[in-house]
1. Would you be so kind as to identify which of ASN271, HIS140, ALA23 lies farthest towards the positive end of the dipole of the chain, taking Lys and Arg as +1 and Asp and Glu as -1 on Cβ and the Cα centre as origin?
2. Given the alpha-carbon gyration tensor of region 63-186, what are the semi-axes of its equivalent ellipsoid in whole angstrom, ordered largest first, with each equal to the square root of 5 times an eigenvalue?
3. Assuming 0.36 nm per residue, please report the length gained on full extension of the stretch ASP251 to ARG124 beyond their Cα-Cα distance.
4. Quick check: with the 1.4 Å probe, what order do GLU220, GLU344 take by accessible area, largest first?
5. By the scheme Lys and Arg +1, Asp and Glu -1, what is the net charge of all other residues having a beta-carbon under 14 Å from that of GLN160?
6. Taking a 32 Å limit on the Cα-Cα distance, which of the listed pairs LYS234/LYS396; LYS155/LYS234; LYS163/LYS206; LYS204/LYS316 fall beyond it?
7. Which angle from 0 to 90°, rounded to the nearest 10, does the C-alpha axis of helix 153-167 make with the longest principal axis of the chain?
8. Counting pairs of Cα atoms in region 398-495, how many percent are more than 15 Å apart?
Amino acid sequence: MINQPDVIVIGAGNAALCAAIAAREQDASVLVLEKAPEHLRGGNTYFTGGGFRCAYQGIDDIRALIPDMTGAEEAGIDVGSYPQSMFYDDLMRVTESMTDTELAQILVSQSHPTMRWLQAQGMRFVLMYGRQSFQVDGKHRFWGGLIVEAVGAGKGLSDQLFKMAHEKGVEVFYENKATGLELDGQGRISGVVVQSPEAVRVIKAKSIVLAAGGFEANQEMRSRYLGPGWDLAKVRGVPFNTGDGIRMALDVGAQSYGHWSGCHSVAWDLNAPPTGDRNVADLYQKHSYPLGIVVNVNGQRFLDEGADLRNYTYAKYGREILHQPHRVAFQIFDDKVRDLLRDEYRIAQCTMAEAESIEGLAQALDIDRDGLVSTVDSYNAAVMQGDFNPSALDGKGTDGIDPPKSNWALPIDTPPYLGYAVTCGITFTFGGLRINEHAQVLDTEGRAMPGLYAAGELVGGIFYHNYAGGAGLMAGSVFGRIAGSYAAGDALAGG
Ligand SMILES: Cc1cc2nc3c(=O)[nH]c(=O)nc-3n(C[C@H](O)[C@H](O)[C@H](O)COP(=O)(O)OP(=O)(O)OC[C@H]3O[C@@H](n4cnc5c(N)ncnc54)[C@H](O)[C@@H]3O)c2cc1C
């Protein structure tokens with residue numbers, strides 16, 4: 001057992017374990033402190049789809065991440081390209097140009113090198129056929145820059161990271177919650193106050209990496225920072241991310257940064273439990289709304305289901321649902337698109353109904369019947385002519401209704417009709433700590449705090465208002481690797 005490690009990493013999710021592995025690569029001794037018991041380990045990372053957004057020039061860059069891809073598989077796909085400039089522009093667009101340009105530049109430029117680094121460590125990736133491609137002219141066409149996932153999704157990602165960390169000699173203490181940071185006489189971070197079922201003690205280290213997630217599982221912080229009603233949202237992941245890492249750093253003078261009143265939240269099954277279920281994981285999400293319409297209990301539409309590719313709207317639509325009566329919405333489809341619905345629509349735990357008429361569907365789901373009938377009628381009448389293409393912005397929208405549906409507008413006219421009841425599920429919070437290019441935490445005067453690094457959900461400044469699918473894991477890996485590497489270099493240089 002390590003008494004005084006060179007580096008302590010707080011948390012054991014994706015960002016933390018990338019930091020721990022990178023620190024071990026420099027030969028630093030590393031101790032990971034994890035609040036959860038071992039059987040609940042993995043953080044929100046465990047619940048993810050394991051999808052990573054990264055820049056790539058074409059198939060060669062993808063083959064570098066998936067070296068066992070066969071020639072036959074390659075012949076059946078079209079991955080296009082996703083240059084760094086496009087990744088950067090997507091981040092700018094979805095964040096209303098608020099993203100920190102320096103952090104965004106690092107995220108984008110280091111995305112593919114970091115994926116290669118993970119692959120070299122032993123991580124296995126596959127293409128995201130089911131969620132990020134549609135078959136067009138006999139080929140699977142991918143869109144949106146998010147095309148690769150870890151084998152085994154979030155559980156596979158987490159298991160692989162723990163295995164890699166373990167093989168490199170990283171030690172993990174479970175049920176060891178960090179509660180505070182200690183400073184030495186020179187103001188350098190010198191240790192962590194740790195609470196375990198047996199004791200409260202201080203563990204000294206030369207460098208500390210905070211990677212303990214955001215405050216999405218803290219009802220009090222949610223309503224304080226995100227606003228009224230957010231205390232009632234369902235939590236998609238672990239109950240452990242209660243803002244501890246952020247609070248500890250602020251307590252010793254760190255700077256708060258980013259969109260503290262913003263978060264990532266999605267359409268989530270109405271009857272999902274209050275926090276994540278490790279068996280169902282992310283399958284409570286309902287992300288095929290661009291293929292249908294979304295209404296509230298009054299049967300009224302309230303958002304543009306086809307405003308953009310799903311990857312660029314889903315993370316802001318949870319908020320829209322939270323603000324509807326009873327925090328409830330219904331996704332309505334007809335039989336034409338049934339086969340195009342994502343895999344999460346086929347699980348036993350769906351809150352859904354099927355009916356031969358719109359009136360019957362309204363009755364089965366407790367939606368105002370006249371409201372729904374009138375909405376579907378006026379929506380159908382507004383659908384414009386044009387070719388439907390689910391793998392691109394097809395411009396097949398509506399005319400004369402508000403809100404419009406800007407793409408993929410097909411009439412809802414082919415029974416049986418399907419309806420799925422959803423509410424708001426919060427994924428993670430956007431506000432957090434400010435870091436520099438070495439992932440050092442900055443103080444309120446903008447100076448690097450000696451010995452303190454951060455990565456993952458608790459870093460602020462990257463996401464504002466909205467999010468680009470797959471950027472969370474990528475940011476955690478990019479800045480986790482940087483944090484671990486610099487924290488180790490710093491510690492080995494004497495601290
Ligand atoms: C259902 C779902 C699906 C998602 N799908 C994707 C996806 O496909 N792609 C993507 O990019 N992103 C996805 N995300 C977002 C993604 O989860 C995050 O971006 C990423 O996993 C966060 O990693 P992290 O290491 O910062 O935090 P986490 O993985 O949450 O790890 C934080 C860890 O810190 C621990 N901790 C908390 N407080 C303390 C303390 N005081 N002391 C010690 N330990 C502590 C927690 O127990 C936890 O293990 C998804 C999220 C959810 C919930």
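1. Most positive-ward Cα: ALA23.
2. Taking √(5λ) for each eigenvalue gives 33, 23, 13 Å, largest first.
3. Details: separation 127, 0.36 × 127 = 45.72 nm, distance 3.92 nm.
My answer for the length gained is 41.8 nm.
4. Numbers: GLU220 100, GLU344 0 Å².
Output order, biggest surface exposure first: GLU220, GLU344.
5. Numbers: positive: ARG41, ARG124, LYS155, LYS163, LYS168; negative: GLU149, ASP159, GLU167.
Around GLN160, the surrounding residues sum to +2.
6. From LYS234/LYS396; LYS155/LYS234; LYS163/LYS206; LYS204/LYS316, over 32 Å: LYS234/LYS396; LYS204/LYS316.
7. Its long axis makes an angle of about 10 degrees.
8. Details: 3449 of 4753 pairs.
Everything past 15 Å amounts to 73 percent.
The values are calculated or read from the model by the stated rules, or taken from the named source; none is laboratory data. All values reported here derive from a predicted model rather than from experimental measurement. Neighbour counts are summed over all protein chains in view; Cβ atoms, including those assigned to glycine, are modelled from backbone coordinates with ideal geometry. We work out accessible area using only protein heavy atoms, side chains counted, and drop any ligands, DNA or RNA first. Shrake-Rupley method; radii C 1.70, N 1.55, O 1.52, S 1.80 Å.
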